[in-house]
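**Q** Below is the structure I would like to discuss, written out as structure tokens.
The values are calculated or read from the model by the stated rules, or taken from the named source; none is laboratory data. The model shown is predicted, which means the values in this text are computed figures rather than measured ones. Cβ placement follows ideal geometry from the backbone for every residue including glycine, while neighbour counts extend to all protein chains displayed. Only protein heavy atoms, including side chains, enter the accessible area calculation; ligands, DNA and RNA are left aside. Shrake-Rupley method; radii C 1.70, N 1.55, O 1.52, S 1.80 Å.
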Amino acid sequence: MKKAAAAAVVLTGVILAGGIAVKSGSLGELVIASVRTEDETEQSSEETAVQIDTSVPVLPGSRIAVVSKCVSGEFWDMVHQGMDAAVKDINEAYGLKSNDQIKMTFEGPSDELNVEEQVNTLDAVISENPAVLCLSASDMNSCLAQLETAAENDIPVIVFDSNVSDDQLIADFYGTDNDRVGEIAGEKMAEALEQQGDILIFAAQGKTQSNQKRVDGFKNAIAEYSEMNILEELYADEVEDMNAAMQDALKKHPEADGVYCTNADMSDLYLSLEQTDEQLPVMIGVDATTKQQAAVKDGRELGIVSQDPYEMGYQTILAAAHMTDSDGVQKSEETDLLEPAWIDSSNIDNPEYSNFIYKK
């Protein structure tokens with residue numbers, strides 16, 4: 001029983017904009033304060049740098065090494081941009097010049113599924129003894145030995161985007177509330193299907209913590225409704241060809257009422273499939289890529305649960321800089337999570353949500 005797209009609901013949470021926390025209300029309302037617009041992202045380094053707490057010492061000349069889950073794609077490009085901006089603002093705020101400037105390297109595979117390449121990159125980076133290591137883990141268990149080596153060499157580790165299974169090896173985590181990503185997607189799917197229907201889940205890596213949380217959050221949300229069911233869960237790292245696997249699943253389950261895609265790659269891949277049925281399943285994706293933005297506007301996608309990758313990158317590097325003058329792992333007592341936003345046809349062109357709209 002396929003349903004048309006439901007009306008938008010503006011979501012809740014905490015949005016970090018230029019380093020400022022913004023609290024919001026309950027489901028269905030949002031208190032906007034100091035959300036970064038496109039014009040504001042062009043503000044000068046001097047304006048941004050004044051927000052940096054320079055009472056926390058940094059070690060001049062330090063190098064922050066970033067090993068990303070991936071280095072290509074709109075999401076990762078925006079993470080990288082946020083990190084570059086943070087480095088620039090930190091040096092400006094602290095008045096660091098020439099060889100005293102904080103520096104950053106940004107490395108990783110071009111494919112999120114290439115766990116082996118990420119591990120090899122980690123080995124090489126740690127051997128160079130950076131002041132701080134920032135990691136987005138493709139596989140939550142594959143890099144624990146490398147993190148142990150980092151700890152032995154007094155290299156603090158900050159994880160961003162996707163965590164590792166042993167958080168005692170890291171100092172802090174900066175990322176999106178991925179349980180909430182899945183919960184929002186499930187709530188919106190239930191609303192669109194009037195609390196009944198059969199769903200296909202097309203997921204990224206099964207061994208990535210962020211992805212697991214998005215799937216679990218979605219399943220927990222729709223479990224509230226007895227007439228909603230999961231037909232099949234497909235994981236990109238468990239099939240030889242995800243494109244073919246998606247097509248096979250759609251043929252096997254023509255009765256599917258909804259499709260949930262858990263990240264940018266899965267969402268864009270699904271939208272690239274040739275589908276001729278006028279009654280397509282209701283689709284909800286994650287990460288507001290340009291392809292998904294077009295799909296929302298032309299009605300092929302109900303909406304997107306999106307992240308603020310620029311802010312994620314910015315806050316990660318700011319935290320890393322503040323650890324350059326420390327020795328080894330200094331475990332934070334708090335988890336720093338960014339709230340996702342629901343993007344649909346009602347707010348996709350609203351500048352208040354520009355943080356969550358990805359750009360090429």
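**Q** Sort out which residues of segment 160-192 are among the aliphatic types (A, V, I, L, M) and surrounded by 24 or more Cβ atoms within 10 Å (Cβ to Cβ), and write them in order of number.
**A** If the condition is that a residue be among the aliphatic types (A, V, I, L, M) and surrounded by 24 or more Cβ atoms within 10 Å (Cβ to Cβ), then 181, 184, 185, 189 are the ones that fit.
**Q** So residue 75 clears everything in (1) modelled with pLDDT of 50 or more; (2) within 30 Å of residue 154 (Cβ to Cβ) except one condition, right? Which one?
**A** Result: residue 75 fails condition (2) only.
**Q** OK, next. Return only the number of the condition from (1) farther than 30 Å from residue 282 by Cα; (2) modelled with pLDDT of 55 or more; (3) touching a Leu at 6+ places or on another chain (Cβ under 9 Å) that residue 69 does not satisfy.
**A** Result: residue 69 passes all but (1).
One line per residue, one yes/no per condition, for (1) closer than 20 Å to residue 211 by Cα; (2) among the acidic types (Asp, Glu); (3) at pLDDT 95 or above:
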| residue | (1), (2), (3) |
| --- | --- |
| 257 | no, yes, yes |
| 262 | yes, no, yes |
| 270 | yes, no, yes |
| 276 | no, no, no |
| 287 | yes, yes, yes |
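**Q** Same structure, new question: Here are 71, 87, 79, 115: which of them is touching a residue at least 12 places away in the same chain (Cβ under 8 Å), in contact with a His (Cβ under 9 Å, 6 or more places away or on another chain) and of a type in the set (A, V, I, L, M, F, W, C)?
**A** After ruling out the rest, the residue left standing is 71.
**Q** Moving on. Considering only residues that are of a type in the set (Gly, Ala, Ser) and open to solvent by less than 10 Å² (accessible area, probe 1.4 Å), look in segment 198-216 and name the one that is nearest to the chain's Cα centre (by Cα).
**A** 210
**Q** Among (1) farther than 21 Å from residue 311 by Cβ; (2) open to solvent by less than 10 Å² (accessible area, probe 1.4 Å); (3) not β-branched (Val, Ile, Thr), there is one condition residue 57 misses while meeting the rest; what is its number?
**A** Looking at each condition in turn, residue 57 falls short on (2).
**Q** Find the residue count for segment 131-156, including only residues that are of a type outside the set (Ser, Thr, Tyr), over 17 Å from residue 208 (Cβ atoms) and surrounded by fewer than 24 Cβ atoms within 10 Å (Cβ to Cβ).
**A** 8
**Q** Does at least one position in segment 323-336 carry a residue that is part of a loop (DSSP other than H, G, I, E, B) and more than 24 Å from residue 67 (Cβ to Cβ)?
**A** Yes, there is a match, as at least one residue in segment 323-336 is part of a loop (DSSP other than H, G, I, E, B) and more than 24 Å from residue 67 (Cβ to Cβ).
**Q** Do you know which of the residues in segment 237-251 that are among the small types (Gly, Ala, Ser) and crowded, with 17+ Cβ neighbours inside 10 Å is farthest from residue 142 (Cα to Cα)?
**A** Result: 249.
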